[in-house]
1. Set Lys and Arg Cβ to +1 and Asp and Glu Cβ to -1, take the dipole of the chain about its Cα centre, and tell me which of Leu22, Ile7, Val79 lies farthest positive.
2. Placing unit charges on C-beta atoms (Lys and Arg positive, Asp and Glu negative, everything else neutral), compute the dipole magnitude of region 1-117 about its Cα centre in debye, rounded to 20.
3. Over region 1-130, what is the relative contact order in percent, taking alpha-carbon pairs closer than 8 angstrom and at least six residues apart?
4. Could you state the number of Å between the C-alpha centres of region 1-76 and region 89-111?
5. Nearest-5 percent of antiparallel DSSP beta bridges in the chain?
6. Sorted by accessible area with a 1.4 angstrom probe, largest first, how do Trp112, Trp72 fall?
7. Straight-line reach from Lys27: which lysines fall under 28 Å, measuring Cα to Cα and dropping same-chain residues less than 8 apart?
8. Put +1 on the Cβ of each Lys and Arg and -1 on the Cβ of each Asp and Glu in the chain; which of Ala68, Pro96, Tyr31 then has its Cα farthest toward the positive end of the dipole?
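The values are calculated or read from the model by the stated rules, or taken from the named source; none is laboratory data. Quick caveat: nothing in here was measured; it's all calculated off a predicted structure. Heads up, the Cβs are rebuilt from the backbone with ideal geometry, glycines too, and the neighbour counts pull from every protein chain shown. Side chains are part of the model used for accessible areas, which takes the heavy atoms of the whole protein and leaves out ligands, DNA and RNA. Shrake-Rupley method; radii C 1.70, N 1.55, O 1.52, S 1.80 Å.
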Amino acid sequence: MKYGGLIIEKKEYVLLKKLMNLSGYHKDATYKKSIAKLNNELKTAAVKDEKDMPTDVIRFNSIVTVTADEGWQKSFQLVKPSDSDLKNKKLSILTPMGTAVIGYAKGDKLLWEFPAGEKTLTVTNVEQKNNYIDINTLV
């Protein structure tokens, strides 16, 4: 990883932990596994002030492009669950893909579990759209 581990902004870390705690009641095994993996990664994440956040790290509202080793590419905006809208390429932070990319930086590689097995994805672009995040939100 470019920065040695996940990097999360302080307020976003608080909101993410709240959302993950609420999602513990989700019945889908894939979602639960993704949340557990992220929860484990957050134990060693660097939590930074807004002013210290690198601009190429994936955060809430970032527009992200990932590329698979096979060559296909996918772009989406990472949002709170209540803002999720797949038609407009707005992906909830609590989806398996959302939990897989948060805190990674442009150039980082990550393993993603597809139904056909694990594949390596590369974060090829990160564009910041940092709208105000209310950490007191529940959804």
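1. Checking the options against the dipole of the chain, the answer is Leu22.
2. The dipole magnitude comes to about 300 debye.
3. Rounded, it is 30 percent for region 1-130.
4. Cα centroid to Cα centroid, the span is 6 Å.
5. That works out to approximately 75 percent antiparallel.
6. If we order Trp112, Trp72 from most to least accessible, we get Trp72, Trp112.
7. Filter leaves Lys11, Lys17, Lys18, Lys37, Lys43, Lys74, Lys80, Lys87, Lys89, Lys90, Lys119.
8. Toward the positive end, the furthest listed residue is Tyr31.
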